[in-house]
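Here's the structure we're looking at; comments come further down.
The values are calculated or read from the model by the stated rules, or taken from the named source; none is laboratory data. Given the structure is predicted, the values throughout are model-derived calculations rather than measurements. Cβ coordinates were reconstructed from backbone atoms using ideal geometry, including for glycine residues, and neighbour counts include every protein chain displayed.
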Amino acid sequence: MNPDEVRAANGGRPIVFRNATVLTMDGQGILENGDVLVVGEDIAEVGRALAVPDGTLEVDATGGILMPGMVDTHRHMWQTALRGLGADWTLSQYFVFYYLSWGKVFRPQDIRAGNLLSAVEALDAGVTTTVDWSHGLQTVEHGEAALDALRTSPGRFVLAYGNLLGAPWEWTNSADFRSFVAREFGSQSHDDLVRLQLAFDVTGDPAFPEKAAFEAARELGLPVTTHAGVWGATTDESIRLMWDGGFMTPTTTYVHASSLGQDSYHRIAASGGSVSVAAESELNAGQGHPPTWQLRKHGIPVSLSMDTSVWMSGDLFSAMRATLSADRGREHVEAHLGGDTVVHNRLRAEEVAHWATIGGAKVLGLDDRIGSITVGKKADLVLLKNDRSPAMYPILHPYGTVVFQAGRGDVHTVLVNGRVVKHEHDLVGVDLSAAKHAVANTVEHARAELGEEAWRESVTPELATTERIPNPYTYTEYEGAETGHRAQQD
Ligand SMILES: [Zn+2]
């Protein structure tokens, strides 16, 4: 079909993807030369050479991979407004910037701007469900702005409501917040595209003031997502307090969980909780090494996340790649330290691709609706197809292609709840220029609030120096080269 037809396709015409390599992620494995028929919001049929209703729109998926929409279980969408600013930050520099210095300058419209751009970024990259770990909500007006951005974006979202400048035991119990919940989510149904959670951290204070926030979550029937096992910030003591209080439940998401002891992993496993691994963030910022090797040993469900675009881009291709690289890299280092060689990999591309899709759906309790290509589920679908990319050919190991070869530029078509939001590499019904315009305003505001000196220091934080090791060998020509590069041989 031509792109104009697709753009008009939200009128409810069925859509069929023809001749794809279909990654079902539902235990049925891979269907080669497969067709998938979407009728209304749902996946109606999966098979080969499907007969379809009159008027069905056809998408030629030949040479492509059709997979479920990806699920990101932890993304601070508001921070997308300052995309890439923190590329060279450590975790403590991040904390100083947002928690101590500048988090307060973000107005409701800034939260909305970051969320809008982040939502577009997610959809463009085939991430159809995103948990907005929204801890910049200083006031309920900020919360309304975050929610407005999510509801006006054609994706599936969870607003994980938080406030890094407030005390969770206070804001979760404030009249303002409670009326926001009643007003906006009072009649939350299973079909809603935007759902609600609570997002806060447990510092390990022995008085456990967060108890009242957990009680609020229980009273409101809302899942809790919490940064756990973050080096220097949240610890085993935080987990112990939650356990002793009876607040570790199957709906609790532990983000990172990367610097915990065995006992904490036992507690997470025993209570049925799950972990959101943000490998790129953990490797760059230093929360701890990505814990997939621990989670596998403890049988703890895994989902993936990218954390924040103030460091890295909001796509799960890089998250999958970093997760697999981190897991295997750690195992090699450990083996080499013992004089051994890893001869079989434990973690496969297939498992990581599952974590990015059905794994995330399970963590959110949405696996009866999304996360796999299964008849009766909602049509959240991603077609990876790029005839201009040498990296998309040949496809000999489809999971390997998804994890190690593909990128956002290969996302050809995206459906959310049966609605086309991207086709032939172009966004459909998504206003990128409006989002960019809003973010430009926020950047201008933030830069003015910080002042030029603080802004410059944020972009180029102080570097740790590396002391050169004395070298017993001497290369006269090399040492004489002013450029620092190897001197030419002749
Ligand atoms: Zn985070």
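The table for this structure:
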read-out: Selection count where residues are within 15 Å of the ligand (Cβ to nearest atom) and surrounded by fewer than 24 Cβ atoms within 10 Å (Cβ to Cβ), scope region 310-321; value: 3
read-out: Meets criteria (out of contact with any Leu (no Cβ under 8 Å at 6 or more places or on another chain), within 12 Å of the ligand (Cβ to nearest atom) and part of a loop (DSSP other than H, G, I, E, B)) for SER281; value: no
read-out: Qualifying residues in region 284-307 (those that are of a type in the set (Gly, Ala, Ser) and within 16 Å of the ligand (Cβ to nearest atom)) - the one surrounded by the most Cβ atoms within 10 Å (Cβ to Cβ); value: SER305
read-out: Which numbered condition SER101 fails, given (1) more than 20 Å from the chain's Cα centre (by Cα); (2) polar (S, T, N, Q); (3) modelled with pLDDT of 95 or more; (4) assigned to a helix (DSSP H, G or I); value: (3)
read-out: Residue that is surrounded by the fewest Cβ atoms within 10 Å (Cβ to Cβ), among those in region 28-43 that are at positive phi and either outside any strand (DSSP E or B) or under 27 Å from the mean Cα position of the chain (by Cα) (or both); value: GLY29
read-out: Matching residues in region 411-467 - criterion: being free of Cβ contacts under 8 Å to residues at least 40 places away in the same chain and in a helix (DSSP H, G or I); value: SER433, HIS437, ALA440, GLU444, ARG447, ALA448, GLU452, GLU453, TRP455, ARG456, GLU457
read-out: Condition met for THR474 (buried (at least 16 other Cβ atoms within 10 Å of the Cβ) and either of a type outside the set (Asp, Glu) or under 25 Å from VAL105 (Cβ atoms) (or both)); value: no
read-out: Yes/no for ALA356 being in the same structural domain as THR225 (by TED's automatic domain parsing), in contact with a strand residue (DSSP E or B) (Cβ under 7 Å, 6 or more places away or on another chain) and either within 16 Å of the ligand (Cβ to nearest atom) or at negative phi (or both); value: yes
read-out: Residue match in region 338-348 (condition: more than 16 Å from the ligand (Cβ to nearest atom) and among the hydroxyl-bearing types (Ser, Thr, Tyr)); value: yes
read-out: Residue list for region 67-84, restricted to those being more than 14 Å from the ligand (Cβ to nearest atom), buried (at least 19 other Cβ atoms within 10 Å of the Cβ) and either closer than 14 Å to TRP311 by Cα or without any contact (Cβ under 8 Å) to a residue 12 or more places away in the chain (or both); value: ALA81, LEU82, ARG83
read-out: Qualifying residue in region 361-384 (condition: within 24 Å of ALA257 (Cβ to Cβ), of a type in the set (S, T, N, Q) and either away from the ligand (no atom under 16 Å from the Cβ) or not assigned by TED's automatic domain parsing to the domain that holds ALA160 (or both)); value: no
read-out: Residue satisfying condition, being within 20 Å of the chain's Cα centre (by Cα), in contact (Cβ under 8 Å) with a residue 60 or more places away in the chain and either more than 23 Å from ALA160 (Cα to Cα) or part of a loop (DSSP other than H, G, I, E, B) (or both), within set SER309, SER303; value: SER309
read-out: Test result for SER259, touching a Ser or Thr at 6+ places or on another chain (Cβ under 7 Å), within 16 Å of the ligand (Cβ to nearest atom) and among the small types (Gly, Ala, Ser); value: no
read-out: Output for region 44-66, where each listed residue is closer than 27 Å to THR323 by Cβ and either out of contact with any Asp or Glu (no Cβ under 7 Å at 6 or more places or on another chain) or crowded, with 19+ Cβ neighbours inside 10 Å (or both); value: ALA61, GLY64, ILE65, LEU66
read-out: Condition met for GLY288 (within 17 Å of the chain's Cα centre (by Cα) and assigned to a loop (DSSP other than H, G, I, E, B)); value: no
read-out: Some residue of region 207-229 being among the β-branched types (Val, Ile, Thr), under 21 Å from the mean Cα position of the chain (by Cα) and not in a strand (DSSP E or B); value: no
read-out: When residues of region 156-202 are limited to those that are surrounded by 15 or more Cβ atoms within 10 Å (Cβ to Cβ), assigned to a helix (DSSP H, G or I) and not aromatic (Phe, Trp, Tyr), the one farthest from the chain's Cα centre (by Cα); value: ARG178
read-out: Inter-residue pairs, beta-carbon under 6 Å, first assigned by TED's automatic domain parsing to the domain that holds ALA356 and farther than 20 Å from LYS211 by Cα and in region 248-277, second among the charged types (D, E, K, R) and surrounded by fewer than 24 Cβ atoms within 10 Å (Cβ to Cβ), 6+ apart; value: LEU260/ASP236; GLY261/ASP236
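Residues are listed down the side, and each one gets a yes or a no for (1) farther than 19 Å from THR442 by Cα; (2) away from the ligand (no atom under 13 Å from the Cβ):
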position	(1), (2)
LEU91	yes, no
PHE95	yes, no
TYR99	no, no
GLY114	no, yes
ALA119	no, yes
ASP132	no, no
HIS142	no, yes
